[in-house]
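Notes to accompany the following structure.
The values are calculated or read from the model by the stated rules, or taken from the named source; none is laboratory data. Predicted model, so just to flag it, every value in this text is computed and none were measured. Cβ placement follows ideal geometry from the backbone for every residue including glycine, while neighbour counts extend to all protein chains displayed.
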Amino acid sequence: MTGWWSGTLLVLRRNLLESLRSKTYKIITGVLVLISIGVVVLPQVFGEEETTYTLATVGAVPDDVKLLLEAAGEGGDFTVEYEAVADADELRRVVQEGDATAGLTEDRLYTSTVGNGTFAVLVSQAVVAVETRDRLSEAGLTGAEIAAVQSVSPPEQVPVGRVDDEDRAGVGFAVGIVLYIALTFAGSAIATAVAMEKSTRISEVLLAVLRPSQIVVGTVAAVGIATILQLLLLVAPLAVAVQVTDDLGLPLAATWDIGLAVVWFVLGFAVFAFMFAASAAMVDKITEANAAVVPVSMVLLVGYMLGVTVVANDPTSRWSAAISMFPFSAPVAMPIRWASGEVPVYQLLVAMVLTALTAVLLVAASATVYRRALLVTGRRAKLRELVREPAPASR
Amino acid sequence: MSLEILGIRHSFGARTALDDVSFTVLPGVLTGLLGPNGAGKTTLMRVLLGVLVPDAGEIRYGGRQVGTGARTTWGYMPQERGLYPAMPAGEQVVHFGRLHGLSAAEATRRARDLLEELGLGERWADRTDKLSGGMQQRLQLATALVHDPEVMVLDEPFNGLDPLAVAELSETLRRRAREGRIVLFSSHQLDLVQDLCEEIVMVDRGRVVLEGVVSTLRAGAGDRRLRLTVGPGDHAWLAAFPDVEIVSEHVDELRLRLGDGGDPLAVLDAARAAGPVHDFGLDLPTLSELFLAVAGERTPAEARR
């Protein structure tokens, strides 16, 4: 052993290799990649299908209107079909029954609902443009002058304000779920790794050459890295897609929410991972590991439940503020609350600092419990005896 | 460089596990730490390996107190298998070599040599949990030996092994001892290991009750037995020897304790005169008999405590 880090890195490397090679890890990673790609690709696939609008008219469609609509269609990815009907009554009927998107007469535009979206607006604009051109022509303007007048366009809209919409709240919700699941999976992986070393007595061999802190930090870090790799695989395609196209319907602020989620995973992981490790060190058989970590899982679950109920309901209430800053619920609750856009930055920082401090304290406490629990073999360790030096196996 | 265990005491709450245990293990001598279950062997081994910090006493190696750093040159084999089930055999040995401070290249080279020596060369890439019990035991030994330790501590290494595996393992250990290493192993199967170890330290209820060279201890017990395989009979001829006591009598085998100065040849002659003698021999007391003798002496004293 040449130093604390070299020993810890050996433990880390071994655990990481074993995680990455395990079937479970490969399967979960595969599923995550599929989900991520699916979320990005599916809207594109369905989005590529061209929209077709139908315009019904009494008699033939004015050529000028038709030209303008087709020009708009090329820019907006839609095609227009035309349907000629006998009279105004039939026109009303086909629009009403949905056979046509809109119906145009000399002086009326029929639509199925009030303010029927983009297409009705486009038809109106086309009619107005044609009418305006005719009148300008009558007023004696040349073709070039008319074109100059008609090329006037409204100022481009650029959204810059905070987006406090439902989409972003949805992102917060998704981030909360992913964090909760990631911490639960990582906790379970840590518990299994620790319980395996304990039940096979590998821990005894390790303790002869390594300090408990090296074993526990190495194991926890390996699982943490393996899980972050999975999270990045899940998040990266999303983040790239949001940057490259706007088709996902995610507001820009949500990209940062997703990035922040990775930071919260690291903090939440630091708080919970060592508790998972210490709990699992108390078991005698590997099969007891899942039962042993139930108390820690419960703390995590309660934090998550409070996040999706109290915090998501009213992100501005005092309770929400408290829950999102309390170190044991903050890792899941704060990302949910943050996505509401109602959180002062100082509260985010306070929550992060508190969580980080708690993690540091827990590392020390967990390493002690871990060291003592490792010496209790042949039965399950009791919490009471871990406060003092434990008794050995009965044999 | 000898390994000295000096005045080790350790208690778990009110229960004393080790009570002033002192002895010395010499290099080149295969030494057994013997005693029944619960005698304190595993606790002592954990103290030796620094897994447990004793209440009092110290461990010295080569005259210097042993710290964590020094123990990286030691090898430890725990009682149950301390192997990663999902790890390939070769990689496992390399990993433990590196934990003991070897470079990756050096650890790999030694792991290959060692697995070859232990007959596991072909199984380098196999998962550990795919190996048989005996192979896993040898792999476990390889992980304890890969860094060529100066001090080897093995907790119940013969437990659950078949006679062939016992012979192989003891041969490997004896070879390391001959090379001048310190080899200390524990066992509760006293009679199984009495021919394997050269020196013993016998512990009972946390105390050393007997220590020394096995042959000297057995010969010096002053307790010779005559073993006779005789035909059926009432052994009335024994009446002529008032100092001779029957230790055991199984079917046709008779074991007799000769008192001080008793002449085994005279007893043999008397037996032959009384009937046919198919086999005979002089036996030294077994290690378990020696243990029972010393443990029996202590029991009344223990009861008064």
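Quick notes on this structure:
- Residue in segment A:56-72 that is surrounded by fewer than 18 Cβ atoms within 10 Å (Cβ to Cβ), in contact (Cβ under 8 Å) with a residue 24 or more places away in the chain, away from chain B (no Cβ under 14 Å) and part of a strand (DSSP E or B) present: yes
- Boolean, B:Leu118 is within 13 Å of chain A (Cβ to nearest Cβ) and either in contact (Cβ under 8 Å) with a residue 24 or more places away in the chain or small (Gly, Ala, Ser) (or both): no
- When the test is whether a residue is within 23 Å of A:Ala195 (Cα to Cα), over 19 Å from the mean Cα position of the chain (by Cα) and acidic (Asp, Glu), B:Asp129 passes it.
- Those residues of segment B:5-42 which are under 16 Å from B:Gly57 (Cβ atoms) and free of Cβ contacts under 8 Å to residues at least 40 places away in the same chain, in sequence order: B:Phe12, B:Thr24
- Members of segment B:1-15 found to be more than 10 Å from chain A (Cβ to nearest Cβ) and modelled with pLDDT of 90 or more, listed by number: B:Ser2, B:Leu3, B:Glu4, B:Ile5, B:Leu6, B:Gly7, B:Ile8, B:Arg9
- Any hit, segment B:133-156, residues being in the same structural domain as B:Gly212 (by TED's automatic domain parsing), farther than 30 Å from A:Gly218 by Cα and free of Cβ contacts under 8 Å to residues at least 60 places away in the same chain: yes
- Of residues in segment B:25-63 being part of a strand (DSSP E or B) and surrounded by fewer than 16 Cβ atoms within 10 Å (Cβ to Cβ), the one nearest to the other protein chains (Cβ to nearest Cβ): B:Ala56
- Residue match in segment B:64-72 (condition: away from every other protein chain (no Cβ under 14 Å), touching a residue at least 24 places away in the same chain (Cβ under 8 Å), in a helix (DSSP H, G or I) and surrounded by fewer than 24 Cβ atoms within 10 Å (Cβ to Cβ)): no
- Taking segment B:73-105 as the range and being surrounded by fewer than 19 Cβ atoms within 10 Å (Cβ to Cβ), of a type in the set (Gly, Ala, Ser) and either under 23 Å from B:Val183 (Cα atoms) or at the interface with chain A (Cβ under 7 Å from one of its Cβ atoms) (or both) as the test, the residues that pass are B:Ala86, B:Gly101.
- Across segment A:310-320, the qualifying residues are those that are surrounded by 14 or more Cβ atoms within 10 Å (Cβ to Cβ) and in a helix (DSSP H, G or I), and the one among them that is modelled with the lowest pLDDT is A:Ala312.
- Filtered by the rule that a residue be assigned to a loop (DSSP other than H, G, I, E, B) and over 29 Å from the mean Cα position of the chain (by Cα), segment B:78-92 gives B:Ala86, B:Met87.
- Residue among A:Gly7, A:Gly75 that is out of contact with any helix residue (DSSP H, G or I) (no Cβ under 7 Å at 6 or more places or on another chain) and either assigned to a helix (DSSP H, G or I) or loosely packed, with under 14 Cβ neighbours inside 10 Å (or both): A:Gly75
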